[in-house]
Structures are given as C-alpha cells and as structure tokens.
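This report refers to the structure that appears directly beneath it.
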C-alpha cells in the first residue's frame, strides 16, 4: 500500500514537473521511474473503469428493489453476476488478488441468488452483497461518488446497508413500505 | 386391468436396477464443519440430525431411500443441497464465503425455510423446538471465521 501511494505520489510530482519546462531535465533523469509510475497510475485508472459495469448492475438491482420490482431485480442480478465474472483480477496488486477473488466469488453468488428468488430473498442477498461491493471499491476504486446508507430497522432491527449515487434516501431494503428509512453513513469518493 | 397391474409391477421392479449414486463416504473430511468448529454435543447433534443428510457427503438413508423412484428424488435434493452448502467441505470455502454461508443458515433457520417441510414429514427427529432453534442461531451468530 505504502509503495502504491509512493509511486502515485511520484507520478503526480512528475506530471506537475512536466508542466513546468524549467524542471524538464529533472524529469528526464528519472525517466525509468516515470514509466513505472505512469503504469501504476494507468492501472489504477483502469481499475476505476473496470468496476463500471459492476457498479452499474449493482445500482440497477438497487433501483429495482426501491421500486419493488422483482423481475427487474432478477434481470439485473444476472447481469451483475456476469459483470463480476468478467472482472480481470490479474490487473490489480498481487497481494490483493486473493481477497478480490473471494469478494468476487461471494458477490457473484449473491447476484445468482437475486436472479432466481422472490423479492424478500432478493433484498436479503442484496443487503449482504452491499458490504462486498463496498469492500470491492476499497481495493479497486470507484468510478463515481457513492453514499453508504444505513437503515437500522431492517432485519428485525439488526439493521442493513446499501450503496447509492444520491444523498437522498430511497430504501431498497423495504421499498415502498418504508421508503425514507435510512441515513448516510459514509461517502465513498473517487 | 390385470395386464396393467402386471406391467406396473414389472416396471416397478425394473427401475430398481437403474443405478443411483450413494451419497456416503468412509473418509472423515478434514474440512468438515463439525470437525473444525467447536460446538457442544447438543449443537453438534442438532446440526447432524437436521442438516447433514442433504448438506454433507454422508447421508443417513431412510429404509425407502434406496427404492426408486424415491431414491431419485432424494438424490436431487442432496445434489441441490450440497451445491448450496456442504458441511463436509466447509473449510474449503474462503473466510468470506464461510461467513456468508453462516449468515444464510441463520436466516433460513429463523425464517423456518430450513429444514425443508418435506424432509421433516419423513424425519420428525430433525424437527427443532423453538428453544433449540434459538440455541443454534445463538451459536451460529458467535462464529466469525476469518
């Protein structure tokens, strides 16, 4: 982690160096480091992009559940499982790959369940999966700002969480029954 | 009429020769849930009696269990059950997956979805009282495999 931050830091320094012509020579002398740093920066960006179809499908499941739409949630659940299966894990840090593999496996399992169950069961899997998707963004990054939201009344007052792109609460764990239950707990920024 | 009865009888005997795999193994799996998780004897017995027939590599077959067509039905339940959760290979799941399986067990037991009603008709001994269910759920909630 430290090294990643260091290389990103280096990349940023070097990019700003490049902008000022007077320091161009300094940049040239560290050519090799530059190439390496730029690679890391590029793969981080790619990580953000790689997660796009996953977040798209996750949010589609969420919106379907907000609208109490079992059929739409099922369709999006299947899309999500496919999106997760096509994530190329080898592009990320080697020491994060096992954890990524595990997150993807569990989240994919949730997507598959959502694709074939009745709505209360879908909500249950969606709630459990939300933590996995959040953990995924912690490693891979996100391509948009996400709001981690929480409703304490879900699951017999044990509480439940989900991610949304909007600050406003629209509850996917209850749908129309309790649309406004919840609050923002954390903002996951780019 | 007599002819029909004879045909059914012959078919009934005939299908007994169609092989059905038997879900049993001598080997004690090192990845088995009850071998690796600490649990009191009553909890162990509950899990064994109520879950292991369909969710492990060892089914304790009832007398009709090898009689076709029941054997086929049973086999289908066991295949589906093990696909979803196999206690015999529990340690082979990742920590994250183990936590998910445990979450799912708690939910299925408290919603009364598991054990299956059809299973309980034939296995009254697998039925848990309300107190037993609470004990089992309390036990499962404390597990937090990493």
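Exactly one condition in (1) more than 16 Å from residue B:115 (Cβ to Cβ); (2) in a helix (DSSP H, G or I) is not met by residue B:23; state its number.
If we test residue B:23 against (1) more than 16 Å from residue B:115 (Cβ to Cβ); (2) in a helix (DSSP H, G or I), just (2) comes out false.
Just for helices (runs of 4 or more DSSP H) wholly inside the stretch B:60-146: which have at least 1 residues that are surrounded by fewer than 18 Cβ atoms within 10 Å (Cβ to Cβ) and within 14 Å of another protein chain (Cβ to nearest Cβ)?
B:70-84, B:95-110, B:130-142
Residue under question is residue A:161, and the condition is that it be within 14 Å of chain B (Cβ to nearest Cβ), buried (at least 18 other Cβ atoms within 10 Å of the Cβ) and not in a helix (DSSP H, G or I); does it hold? Even if it seems obvious, please write down each step before you answer.
Details: within 14 Å of chain B (Cβ to nearest Cβ): yes; buried (at least 18 other Cβ atoms within 10 Å of the Cβ): yes; not in a helix (DSSP H, G or I): yes.
The answer is yes for residue A:161.
Just to verify a result, which residue in the stretch A:136-152, among those that are assigned to a helix (DSSP H, G or I) and farther than 18 Å from residue A:184 by Cα, is farthest from the other protein chains (Cβ to nearest Cβ)? Steps first, answer last, please.
Step one: of the stretch A:136-152, the residues assigned to a helix (DSSP H, G or I) are A:136-140.
With farther than 18 Å from residue A:184 by Cα added as a condition, the list becomes A:136, A:139-140.
Details: A:136: 11, A:139: 13, A:140: 16 Å.
The extreme case among them is A:140.
Answer yes or no as to whether residue B:50 is in contact (Cβ under 8 Å) with a residue 60 or more places away in the chain and outside any loop (DSSP other than H, G, I, E, B).
Details: in contact (Cβ under 8 Å) with a residue 60 or more places away in the chain: yes; outside any loop (DSSP other than H, G, I, E, B): yes.
Yes.
Only residues in the stretch A:85-104 that are more than 13 Å from every other protein chain (Cβ to nearest Cβ) and within 19 Å of residue A:130 (Cβ to Cβ) count as the first member; pair them with residues that are modelled with pLDDT under 95 and assigned to a helix (DSSP H, G or I), Cβ under 7 angstrom, at least 6 apart or cross-chain, and list the lot.
From residues that are more than 13 Å from every other protein chain (Cβ to nearest Cβ) and within 19 Å of residue A:130 (Cβ to Cβ), the pairs are A:87/A:50.
If residue B:35 satisfies all but one of (1) under 19 Å from residue B:86 (Cβ atoms); (2) modelled with pLDDT under 85; (3) surrounded by fewer than 16 Cβ atoms within 10 Å (Cβ to Cβ), what's the number of the condition it fails?
Single failed check for residue B:35: (2).
Condition first: surrounded by 24 or more Cβ atoms within 10 Å (Cβ to Cβ) and under 15 Å from residue A:76 (Cβ atoms). Now tell me which residues in the stretch A:102-121 satisfy that.
Listed by number, the residues that qualify are A:107, A:110, A:111, A:114.
Do you know which of the residues in the stretch A:122-133 that are closer than 15 Å to residue A:76 by Cα and more than 18 Å from the chain's Cα centre (by Cα) is nearest to the other protein chains (Cβ to nearest Cβ)?
Residue satisfying both the conditions and the ranking: A:123.
Does any residue of the stretch A:64-79 turn out to be surrounded by 22 or more Cβ atoms within 10 Å (Cβ to Cβ), over 23 Å from residue A:173 (Cα atoms) and away from chain B (no Cβ under 14 Å)? It would help to see each step written out before you state the result.
We begin by selecting, within the stretch A:64-79, every residue surrounded by 22 or more Cβ atoms within 10 Å (Cβ to Cβ); these are A:64-65, A:73, A:76-77.
Then drop every residue that is not over 23 Å from residue A:173 (Cα atoms), which leaves none.
For the stretch A:64-79, residues surrounded by 22 or more Cβ atoms within 10 Å (Cβ to Cβ), over 23 Å from residue A:173 (Cα atoms) and away from chain B (no Cβ under 14 Å): absent.
The values are calculated or read from the model by the stated rules, or taken from the named source; none is laboratory data. These numbers come from a predicted model, not from an experiment. Don't worry about glycine lacking a Cβ; one is built from the backbone with ideal geometry, like all the others, and counts go over all protein chains shown.
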